[in-house]
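Worksheet: the structure to be examined is printed underneath.
Only the coordinates and a few stated rules stand behind these numbers; no lab work does. This structure is a prediction, so every number in the text was calculated from the model and none was measured. In this analysis, Cβ positions are derived from the backbone assuming ideal geometry, glycine residues included, and neighbour counts consider all displayed protein chains.
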Amino acid sequence: MKLKTLHWAKLKKGMRVLVRADFNEPISHGRVMDDFRIRKTLPTIEYLLKKGCDIVLISHLGRPEGRKVKTMSLRPVARRLSKLLKQDVVFVGNPFGTDAFDGMIGRKKVFLTENIRFWPEEEKNDFYFAKKLAALGDFFVNDAFGASHRAHASVSGIPRHLPSSAGLLLEKEITALEKLLYRHRRPFFVLLGGAKASTKIDLVRKFLKEADGVLAGGAIGNTILDGLGFSIGKSVKYEIGRKKLMRLFNIASPKLFTLRDAIVAKKIDTRSSGRLKPIGSIAADEYIVDIGVETRKYFAAVLKPARTILWNGPLGVIEAEKFSWGTLEIVKEMKKIRAYKVTGGGETIAFLKRHDLLGAFDHVSTGGGAMLEFLAGKKLPGVEALKRK
């Protein structure tokens, strides 16, 4: 993909650069609990500072639905970013105020505006709101890959009004995912899990054609098992219906690998105990909460010869430590495999950080939904706006 990148941007000392970042991090009691995405944006910020640019950072946090929500303020992010950059990051509550950026020019300042989703025009991709945002700077950089599947004013709207480019992080994301799609080594396997099956349907359909195999756990695995006629009890699935599912892809494909056994429980909570059961014997009042011992061995054997692996979504209910065993063991198996490995998504990143396993992957994407849509072949509005014509 031919993107306009920072390396080709005509930046001058003293220019005011708007940077759309993805600082959608978990915040509790005014503290940033995980700064993974913030750290990933640092190379772009530092590059612009070295060029002598002044920076206005724009981001969202959560889904305030066009209202000011105190717990979704980006003020804690400004404090965390100041520590990481070792310089002041000025928090701007209202970027449209007449004195919002007083004293900025020529002083290598970094500003972070308030949660852009506090303004309802943002998610409506309002033309005039994007124009107001563009008026805050001389150049625009999109470094928010995780938000680039959204047609929002600060993502795809600003490039209509300002010269623009991809940031270093966004460029890195596209390069890594294009390698996975178009320059992968075989055998190539895709491992899918997580609580949302609807977002994985297109990936199963695509990679049953393009990869050497798809391994399905979590909600998408449950959906396929249900389509094959196996009881999954009360487990989470996509309510699509067997006939429609079969029209989308071959659920009996020899390239599609599903659970052989599972850990089941009567309730999904930290106090519930699990029981190991083979697929086909799960009761109507039980939930699948993790993969079983045989499934772990089966999946590990399938993945062993891989030279490229894509993983998205845990295989169990990892919020409960006792039901994260299967996912953890499969990740440990993947770590041993000499392959190009890519993963991404918020809960996946948090899980890997908790177990010190981020290093098991060659690329950990900052995007969840954006990564899935890009891999499924969908056009991302934020990326399309940066293509070289």
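Worth pointing out:
- Among the trypsin sites (Lys or Arg not before Pro) within region 176-249, those in coil by DSSP and having at most 12 neighbouring Cβ atoms inside 10 Å are Arg183, Arg185.
- Cα extents for the chain along the principal axes, largest to smallest and rounded to whole angstrom: 69, 44, 38.
- Helical contribution to [θ] at 222 nm, DSSP H n ≥ 4, -39,500 (n - 2.57), averaged over the chain, rounded to 500: -9000 deg cm²/dmol
- Taken about its Cα centre, the chain carries a charge dipole of about 940 debye when Lys and Arg each add +1 at the Cβ and Asp and Glu each add -1 at the Cβ.
- At R0 = 41 Å, FRET efficiency that the Cβ-Cβ distance of Arg338 and Phe96 yields, to 0.05: 0.20
- Inverse mean reciprocal Cα-Cα distance (Kirkwood Rh) of region 1-156, Å: 15.7
- Label-point separation in nm, Glu65 to Lys389, each point 7 Å along Cα→Cβ: 3.8
- Counting other Cβ atoms within 10 Å as a rough exposure proxy, the listed residues His184, His7, His152 run His7, His184, His152 from fewest neighbours to most.
- Cleavage-rule hits (trypsin sites (Lys or Arg not before Pro)) in region 107-168: DSSP loop, at most 10 neighbouring Cβ within 10 angstrom: Arg107
- Rough spin-label spacing in nm, given labels placed 7 Å along Cα→Cβ, for Arg307 and Arg183: 1.5
- Stretch gain in nm, segment Phe230-Arg39, where the contour uses 0.36 nm per residue and the Cα spacing is subtracted: 64.3 nm
- The trypsin sites (Lys or Arg not before Pro) of region 269-303 that DSSP puts in a loop, and whose beta carbon has at most 11 other beta carbons within 10 Å, are Arg271.
- Dipole in debye (nearest 20) - region 137-271, about Cα centre, beta carbon charges: Lys, Arg +1; Asp, Glu -1: 700
- Taking 18 Å as the cut-off, the amide N atoms of region 133-152 that come nearer than this to a point 7 Å along the Cα-to-beta-carbon line of Tyr47 belong to 138-148.
- Pairwise label distance in nanometres, Tyr128 with Lys243, each label 7 Å out on the Cα-Cβ vector: 5.0
- Total charge dipole magnitude, region 6-167, about the Cα centre, Cβ charges on Lys, Arg, Asp, Glu only, Debye to nearest 20: 360
- Top positive-direction residue, dipole computed over the chain with Cβ charges, set Gly229, Val32, Phe129: Phe129
- Distance from region 342-376 to region 166-219 (C-alpha centre basis), Å: 11
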